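Okay, structure first, notes after.
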There are 2 protein chains.
Amino acid sequence: MSVTSALCFEASGVAAGIRYSKKDVALVRSTVPAVGGAMFSRNKVQAACLQVNRANLAAADPQAVVINSGVANSATGATGYANAVATAAHTASLLGVEPEQVLVLSTGVIGVQLPMERLLPGVESAVSALAADGGRDAAQAIMTTDTRAKETAVAGDGFTVGGMAKGSGMIHPDLATMLAVLTTDYPLDHDEPIAFLRPAVDATFNAISVDGDCSTNDLVLLLANGASGIERTPATDTAFAAALRVACEDLSRQIVADGEGVTVLAEIQVDGAVDAAQAKAIARRIATSPLVKTALFGHDANWGRVLMAAGSAPYNGGYADIDADRTTLRYNDVVVLDRGTPTGVEPDVSGPSCAIALELGLGDGSASYLTSDLSLDYVRINGDYRS
Amino acid sequence: MSVTSALCFEASGVAAGIRYSKKDVALVRSTVPAVGGAMFSRNKVQAACLQVNRANLAAADPQAVVINSGVANSATGATGYANAVATAAHTASLLGVEPEQVLVLSTGVIGVQLPMERLLPGVESAVSALAADGGRDAAQAIMTTDTRAKETAVAGDGFTVGGMAKGSGMIHPDLATMLAVLTTDYPLDHDEPIAFLRPAVDATFNAISVDGDCSTNDLVLLLANGASGIERTPATDTAFAAALRVACEDLSRQIVADGEGVTVLAEIQVDGAVDAAQAKAIARRIATSPLVKTALFGHDANWGRVLMAAGSAPYNGGYADIDADRTTLRYNDVVVLDRGTPTGVEPDVSGPSCAIALELGLGDGSASYLTSDLSLDYVRINGDYRS
């Protein structure tokens, strides 16, 4: 049930002293040749490691990924880029692979240089510690304000998908302060990982939000080494795609559930929008509204705030279409607004999860979103601590 | 120093029992014929009163505005619309003007019907209480979670601009849970108020943010009755436009300073963007980022979060342009990032206000934004109370 659940993957997590005394350097590698693909944060400010990873993925098939927490190595100029390259090169020399076969991920504070005098010895320890049962250590080493390690494994018929992720703040579509490493022993060709990854990520990691912020460091990586030896058919491809999506879904739910200060999870479902793009714009706007999220925190079915947010969803330079008189709104299946008329019924939102469903009556567009409340602890965590 | 500072305006504020025991019905009227114009919230969900006001402004020159707090009369269907029309008609009959000459504003909880059995007697009390010194009462009656009444007056050479506003939550460009009534004795023609209002509002009310939320009820109204008798020239028009902008600036600053839970004000200045529209997109994104705002609350110059936000500013379906290597960032005039390289200098952000300036080095686009921190009290106010 970890990033090493698939055959021929090893991992480790060690404390290099970058971030207090916790584990802060993780390593994942395939013991046999692998292929890989990644989806990157769309933030225009890209951490040095992301720039290095783009170049490395273009140059060679990846076989390992080294990850540090504590320092994001973002907005660090030429020194930061050189440090990311040096980290990959040092790891590669210890593993006996080419420098371009090692990917580098960093998460933590932006604008601070990596302490190379601690990171490089940490990499050496991580290489020494590599083990088939090292997935939990690796998942712990990538945590920042996460309170729980996030791991998954999905067993297919003759193959396995494993994975780990970190989340917590800056969680938002197009990848936030979120890192996810997925591994599989399913056989893929050189250019196939991204083709399988994209639809799985769009439906999962790209449909969650904790605070609407989008980090400079995020990446979802898939490494595939074919070690299962399974014979590929269209049916096994379909089964692999499904398993990958389940693994992404599992990790993305763990991320939201462990979002900074989260006490309530909410599923936002929008149906009947003009089209799917408008539905997603509206669902996203509701999922990121501070007033909606504070009401969730207060267990207050203050549905007017949902309507307010739905009516101001940025779309194409204006707002997405909504006609209040045709709109029906449900909280936990209880209708609070029936085609524009309030029903006066008070739904029960006392639980730790809440389903908010909006039917717009305008077309066939649907979208869903997983979000969380905005709590006092979210403010405490982000106001008190340079995370 | 109020909405009645200009000649021939009267106002009142009374307690009608709509919202606890505080004043909750305000009335402002010109004692002589006036002209008026308004800018409306762009939210696709428009409160009933806004729909009525559009119709009334198209049909007649306004002479009075009646405002209730406690209930927003938004998402209230046909009954809500009828109640807004009835409120205008009742006020008009008491004032001896046409129903279309009365505008109606509501602010408060969405999805609840106006208690007409209390509102209409309240209107009668408000009409009886009208007085040239009733501006303060009116400003108090429109408060919801505001902690202070917001009033202004700007004396020109031979004319005056007065005003009042409410703010607090859902404060965001394109008008939020914000109401502002501006009055002047400067002489304007029937169709001129909106022409003067638009540039003043764009530079002030439309460049502030408390929580990024945008309400269904917002409106900025200008009533002009010409009672000053001043002879208009191009020079007096320029002076009037300047005075109107100062009044809007004053009220908008009061709104942000009294935003829900606000403890820190921040001026966001973006220069060197590709163009002004991209500069505004970037400034807005920084001003609304929960991570930037919680760092302000914590008096933490965590400037990486500013860069993160700047790099993910929605623009034209993608993100606005920024090149981290050309970006310089200052906190209170201290350079923390110099064309992509961190300086390591720690600025002092211990005070109640903070100036954040980003120079992108890409073009001539500039924009500024006034925002606030995201505090524990913001969450308390919006989590604990159905406002």
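Quick note: the coordinates plus some simple rules give every number you see, no bench work behind them. Here the structure is a predicted model, which is why all the values come from computation and not from measurement. So basically every Cβ, Gly included, is an ideal-geometry build from the backbone, and we count neighbours across all protein chains shown.
Only the Cβ atoms of Lys and Arg (+1) and of Asp and Glu (-1) were treated as charged; on that basis the dipole of the range B:302-387 about its Cα centre amounts to roughly 260 debye.
Put a plus charge on the Cβ of each Lys and Arg, a minus charge on the Cβ of each Asp and Glu, and nothing anywhere else: the dipole of chain A about its Cα centre is then about 920 debye. Each residue of the protein assembly as shown gets 141 Å³ once the volume of the Cα convex hull is shared out per residue. Look at the dipole of the protein assembly as shown built from charges on Cβ: of B:Val109, B:Ser30, B:Asn56, the Cα furthest out on the positive end belongs to B:Val109. The calculated FRET efficiency for B:Arg54 paired with A:Ala58, based on their beta-carbon distance and R0 = 60 Å, is about 0.60. Residue order for A:Ser125, A:Ser372, fewest other beta carbons within 10 angstrom first, comes to A:Ser125, A:Ser372. Here is the result for the range B:240-327: no trypsin sites (Lys or Arg not before Pro) lie in DSSP coil with at most 13 other C-beta atoms within 10 angstrom of their C-beta. Helix B:193-203 axis versus longest C-alpha principal axis of chain B: approximately 30°, rounded to the nearest ten.
With its label point put 7 Å out from Cα toward Cβ, B:Pro33 sits 9.0 nm from the same residue's point in the other copies, in order from shortest. The other copies place their B:Thr238 label points at 7.5 nm from this one, listed shortest first, where each point is 7 Å from Cα along Cα→Cβ.
In nanometres and ascending order, the distances from the B:Asn316 label point to those of the other copies are 1.7 (point 7 Å from Cα along Cα→Cβ).
Considering only A:Ser289, A:Ala165, A:Ser128, and ranking their Cα positions along the charge dipole of the protein assembly as shown that arises from unit charges at the beta-carbon of Lys, Arg, Asp and Glu, the one farthest toward the positive end is A:Ser128.
Rounded to the nearest 20 debye, the dipole magnitude of the protein assembly as shown is 700 debye, with +1 charges on Lys and Arg beta carbons, -1 on Asp and Glu beta carbons, and the Cα centre as origin. Neighbour counting of Cβ atoms within 10 Å sorts the residues B:Leu105, A:Leu337, fewest neighbours leading, into A:Leu337, B:Leu105.
Principal-axis analysis of the Cα atoms of chain A puts helix A:116-129 at an angle of about 80° to the longest axis. Springs between Cα atoms under 10 Å define the GNM used for chain B, and in it the highest mean-square fluctuation of B:Leu360, B:Leu251, B:Leu219 occurs at B:Leu360. Across chain B, the mean sequence separation of Cα contacts (distance under 8 Å, 6 or more residues apart), normalised by length, yields a relative contact order of 18 percent.
Lysine pairs in the protein assembly as shown whose alpha-carbon atoms fall under 14 angstrom of each other, counting only those eight or more residues apart or on distinct chains, come to 4.
Going by neighbour counts of Cβ atoms within 10 Å, the residues B:Phe9, A:Phe159 line up, fewest first, as A:Phe159, B:Phe9.
Quick check: Cα centre of the range B:359-377 to Cα centre of the range A:244-289, how many Å? After rounding, the separation between the Cα centres reads 28 Å. Between the alpha-carbon centers of the range A:80-154 and the range B:4-31, tell me the distance in whole angstrom. Their Cα centres are 65 Å away from one another. Structural size metrics of chain A, computed from C-alpha coordinates, are Rg and Dmax of 21.5, 68 Å. Spin-label model, B:Thr233/B:Glu98: points 7 Å from Cα along the beta carbon direction are separated by 3.6 nm.
For the range A:1-119, relative contact order (Cα pairs under 8 Å, six or more residues apart, normalised by length) works out to 27 percent.
When only Cα pairs under 8 Å and 6 or more residues apart are kept, what is the percent relative contact order across the range B:265-384? After rounding, I find 44 percent.
GNM remark for chain A: springs join alpha carbons under 10 Å apart, and the peak mean-square fluctuation among A:Pro234, A:Pro62, A:Pro99 falls on A:Pro234. Each of A:Cys354, A:Thr343, A:Leu376 was scored by the projection of its Cα onto the charge dipole of the range A:298-387, and the greatest displacement toward the positive side belongs to A:Leu376; charges sit on the C-beta of Lys, Arg, Asp and Glu. Note on chain B: with a GNM built from Cα contacts shorter than 10 Å, the maximum mean-square fluctuation among B:Ala301, B:Ala72, B:Ala235 falls on B:Ala235. With just the Cα atoms defining each centre, how far is the range B:49-66 from the range A:215-240? Give it in Å. First find each Cα centre; the distance between them is then 62 Å.
Using Cα atoms only, what is the angle between the long axis of helix A:48-59 and the major principal axis of chain A, expressed in degrees (0 to 90) to the nearest 10? It is inclined by approximately 70 degrees.
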